[in-house]
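Please read the structure below before turning to the comments.
The values are calculated or read from the model by the stated rules, or taken from the named source; none is laboratory data. Given the structure is predicted, the values throughout are model-derived calculations rather than measurements. As a convention, Cβ positions derive from the backbone with ideal geometry for all residues, glycine included, and neighbour counts pool all protein chains shown.
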Amino acid sequence: MLELVNKIKPELDESIEYFKRELLAIRSGRANIGLVEDIEVECYNSKMPLKQLAAIRMPEPRQIVIQPWDKQILPQIEKALSSQSNLTVHPEEDAIRVIIPPLDEEERLNLVKKLNEKAEEVRVAIRNHREKVWREIQEETQEGRLREDDKFRAKKELEKLIDEYNQNLEELRKRKEEEIMTV
C-alpha cells in the first residue's frame, strides 16, 4: 500500500527541481548566474551553453562577469548575450560585464505573473502524479489485493505527501515573489 504512495516521490522531487531551475531563469533585479549560464553561444561550429565556455561570477549584486577560457570567442558570447533584451552588456578586454538594470513596477508584476504560471504548471504535474497513484490504489482495491481500510489509509498518506510537496512549492514561490518585489 505505502509502496504505491512512496513510488511517486522521485517524480515529485523532479517536479520541484524543475521549478527551482525555472526560478533561476526568472530575473529579480539582482544578478544571478542562472540568468546567463544556459544561453546558447554559437562557436566552434555548434551551439554550446555559456557555462561550458566561460567562468561566470557575480562581483556585485547587479553585475555578472563572464570570462571565457578562449578569449577568441568573446565576440560570439557578446552577440549571444546582447540578444537577451533584459541584459546590458559591456565588453572588456578579456571579459564581458553584464549589468542587471533595476526593475520597474510593471516588469515586477509581469515577472510575478510568469512565476505564478510556472508554479501552476508544477501544481498540475503534482496533481497528475497524485491522480495516477490514486487510480492504482483503487484498481488494487477492486482486484482484491488491497483491503478497503488500507485504501483509505493509503489515500490519507498520499494526501499528506502531496500536501508536503505543494507546501514546499508554495514556499519557493513566495520567496521568489518577495525577491522580485523587494529588490
Flag if Val112 is surrounded by fewer than 19 Cβ atoms within 10 Å (Cβ to Cβ), over 30 Å from Gly144 (Cα atoms) and either touching a Ser or Thr at 6+ places or on another chain (Cβ under 8 Å) or of a type in the set (A, V, I, L, M) (or both): yes
Segment 1-19, subset surrounded by fewer than 14 Cβ atoms within 10 Å (Cβ to Cβ) and charged (D, E, K, R), residue modelled with the lowest pLDDT: Glu3
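Output the residues belonging to segment 1-19 that are of a type in the set (Phe, Trp, Tyr) and in contact with a Leu (Cβ under 7 Å, 6 or more places away or on another chain).
Phe19
Mind listing whichever residues of segment 20-29 are basic (Lys, Arg) and surrounded by fewer than 18 Cβ atoms within 10 Å (Cβ to Cβ)?
Residues of segment 20-29 that are basic (Lys, Arg), as a first pass: 20-21, 27.
Lys20, Arg21 - these are the residues of segment 20-29 that are basic (Lys, Arg) and surrounded by fewer than 18 Cβ atoms within 10 Å (Cβ to Cβ).
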Residue match in segment 63-77 (condition: without any contact (Cβ under 8 Å) to a residue 24 or more places away in the chain and closer than 15 Å to Ile99 by Cα): no
Of residues in segment 90-109 being at pLDDT 90 or above and among the aliphatic types (A, V, I, L, M), the one surrounded by the fewest Cβ atoms within 10 Å (Cβ to Cβ): Leu109
Segment 153-183: number of residues that are surrounded by 12 or more Cβ atoms within 10 Å (Cβ to Cβ) and modelled with pLDDT under 90: 4
